[in-house]
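The values are calculated or read from the model by the stated rules, or taken from the named source; none is laboratory data. Keep in mind the model is a prediction, meaning the values are calculated, not measured. Cβ atoms come from the backbone with ideal geometry, glycine included; neighbour counts cover every protein chain shown. Note: accessible area is taken over every heavy atom of the protein model, side chains too, but ligands, DNA and RNA are not part of it. Shrake-Rupley method; radii C 1.70, N 1.55, O 1.52, S 1.80 Å.
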Amino acid sequence: MWIKVTHEKKRNNIVLFSIISVLFAAASLLCGAHPAIGIGGAVLLFCALFFQIHLSETLPSWAAFLILAALTLIVFILMQVTISCGIFLIGPLKFILNLLLMAGAASLLWILIGSIRISSLILLVFCTVVAIIDHIVVQARSFEIQFSDISAIGTAAKVAGDYSFALSPVTMIGLVLSICFGVFLVRTRYPRQKRNRSMMLLSMGSVVLMILSVVVIYTQFMAPVIGYQDKYWKYRGSERNGFWVNLIYSASATRVQVPEGYDPDTLEDKLDAYIADAKNPDTDTKTEKKKQPNVIVIMNETFSDVQNIAKYLGNEMPTSVPVTPFLDSLSGEANNVIKGHSLVSVYGGNTANSELEFLSGLSIQFIPRNTVAYNLYMTQDNSFTIVDMFKNAGYHTFAVHPEDRTNWQREKIYDYFGFDETCFKDSFTDLTDEDYYRGHVSDQAIYNKLIETYENRDSDEPLFAFAVTMQNHGGFSSSNFDYTVTLDGYERYTGVQEYLSSINNADQAFQSFVEYFKTVEEDTLILFYGDHQPSLTNIGALFFDVTDDSSTEAQMAKYVVPYVFWANYDLEAAAGDRLPANRELTSLNFLPTWLLQILDMEQQPSKFMQFVNTVNKEVKAINAMGWYDYAGVFHETSYNLPVLTEPLKLYSHLQYNVLYDNKHRIAGIFNMD
């Protein structure tokens, strides 16, 4: 006999099994887990407590390999349960690919260690830890671990402390099952391992299959047949692809692709022809040179007027007080206010992408999915932003962000962008407790810093300031928090109420900032916009009617933030008829062209910014998932599956040229000096 099973009838084990089984069954029912999970858990627990397996010293190599493969299969199932997604929606080919990847890893461990028990235990512990991390990452930003996260691990580690995480019931069940299985592995008696030729060949063959599987997934060979799920919302990637296939597929999705029809030799001619065809002869009119106004741009962390969005969608958010009364009071009918909403490309995180879209006019639509350009693609040679234009116009350029200068590599990136002066968390040296909100430097403290910079600058230089705030950052689980906004009938959603209170405070701080600049004599223009919505799925489910199964177009409700231009002078007269008549919806990549037109600087931009401005006459708004035309029709498209009009194809070609084509980059198209 190669396998011998001994049965231990200990009374303590029987009592323990009975108690744990009842608790386990109750937990499975309460969290709605699949019955197979409860049954599997009971079987594993029963085996771990009452049986001990003895593997014979004469066990053939092929049988030992099959046992290793079977143990690997169980580890994969437990990993999927711990993530909170199971295995039942994974297609058969993707399931096989996951098993080949896992079996190859287990075989490699066996080759190195020579022990089935230790190899399986290492794989079990590693997969369980990764599964819990993946589960937590989804709570923080609403999509899973991606291969590109490796480049942002430093930033992620620094902001992780802002969040409070809780394991779901299914994840806790998966963790308990994994522990039971670990006990089972330890109690099993294995033969003394011998690295004989047959076992080595089988293991090496498994490693080769693992490598081939990686190649098949990464190159997307036979992708239509395999049927990868390319929507990463929540756990959908692991749910439909399996975690390891999903991770490698996400690496494939980060590959920079040469756009169809891209030709650097004809690119500038196409650009010139497009701009010339759409050009208004009146734009050549020379205007009298005058002193430019101060310009202050505020990208407010996680700021969105969700109450107004819910109302627009026909739902009521029953708050105890208005959430953003000052923002709401600013009327687009006033001659010094232009306001509306902007489409963004990120949700719950990856703030740097919103930052890049505004400062450069680039669109995340043409950047590989779920990557952050600051970490992966930006260099000194491809960084062309409106900062250069303001410097050339005689502005003092200033950037402030009250967090670590290494977050998203901002210190280096801001240097690439050419800011004259930067200010990070270590520059806020004289703060008191009142200058903090939810553990972060408050918006009011940042506005005080901006006012200080304005007052102390050379009066002959107008100011261009770009501020990224922090107080509304995710992790809405503060202890002893003083809620200024509550939800009638939804009091148990404390995270949502903390968020609403935070943006209510941000709204008050913005009001005080505007009130200050009402009193100054110098013309000053302020642009305020949010970077993304919070990763609070309750808001979408309760007030937007958006769930994980909603269409991409419906999901756009979670990718909308407010914007407002405010000035202490007549904005409408300054902008003339250069802005679109319909300003209710735009996107962050178009906002800089609006700013330049308001300032009457539209003749100074690079050809690229002129192009972006021209595209805006045909495309109302665009983000990573698609774009809206002026008829209000949403066109779903993505980096990997582009469905683009000719102007948007040209957009993708230009963006490829500036970011990735180091050999053929046409700097003259993008230079804003």
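The figures follow:
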{"quantity": "Heavy atoms of residue 272: accessible area, 1.4 Å probe, square angstrom to 10", "calculated": "60 Å²"}
{"quantity": "Between the stretch 437-463 and the stretch 330-366, the alpha-carbon center distance in angstrom", "calculated": "21 Å"}
{"quantity": "Local electrostatic count, residue 322, Cβ distance below 14 Å [Lys/Arg +1, Asp/Glu -1]", "calculated": "-4"}
{"quantity": "Coordinate range along principal axes, alpha carbons of the stretch 529-673, Å, largest first", "calculated": "47, 45, 27"}
{"quantity": "Directionally averaged shadow of the stretch 432-565, computed from the convex hull of its alpha-carbon atoms, nm²", "calculated": "10.2 nm²"}
{"quantity": "Rounded if a/c under 1.5, otherwise prolate or oblate - the stretch 505-593, Cα gyration tensor axes", "calculated": "oblate"}
{"quantity": "Charge sum, other residues only, whose C-beta stays under 12 Å from residue 618's C-beta, Lys/Arg counted +1 and Asp/Glu -1", "calculated": "-1"}
{"quantity": "18 Å cut-off, amide nitrogen to a point 7 angstrom out along residue 667 Cα→Cβ, residues in the stretch 357-389", "calculated": "378-389"}
{"quantity": "Mean separation of Cα contacts under 8 Å, 6 or more apart, over the residue count of the stretch 585-634: relative contact order %", "calculated": "36 percent"}
{"quantity": "Gyration tensor (alpha-carbon) shape descriptor, the stretch 347-448, a/c threshold 1.5", "calculated": "oblate"}
{"quantity": "Cα-projected label distance for residue 429 with residue 583, points at 7 Å along beta-carbon direction, nm", "calculated": "4.2 nm"}
{"quantity": "Sites residue 379 and residue 272, calculated FRET efficiency, Cβ-Cβ separation with R0 30 Å, nearest 0.05", "calculated": "0.70"}
{"quantity": "Charge tally in the Cβ shell below 10 Å around residue 540, where Lys, Arg are +1 and Asp, Glu are -1, residue 540 excluded", "calculated": "-1"}
{"quantity": "Overall form of the stretch 93-135 per C-alpha gyration tensor (a/c, 1.5; a/b vs b/c)", "calculated": "oblate"}
{"quantity": "Nearest-0.05 FRET efficiency for residue 112 and residue 315, computed from C-beta distance (R0 51 Å)", "calculated": "0.35"}
{"quantity": "Exceeding the 19 Å Cα-Cα cut-off - candidates 391/518; 620/649; 558/649; 311/518; 339/620; 270/607", "calculated": "391/518; 558/649; 311/518"}
{"quantity": "Built amide H within the under 5 Å cut-off of residue 298, gap 5+", "calculated": "467, 527, 528, 529"}
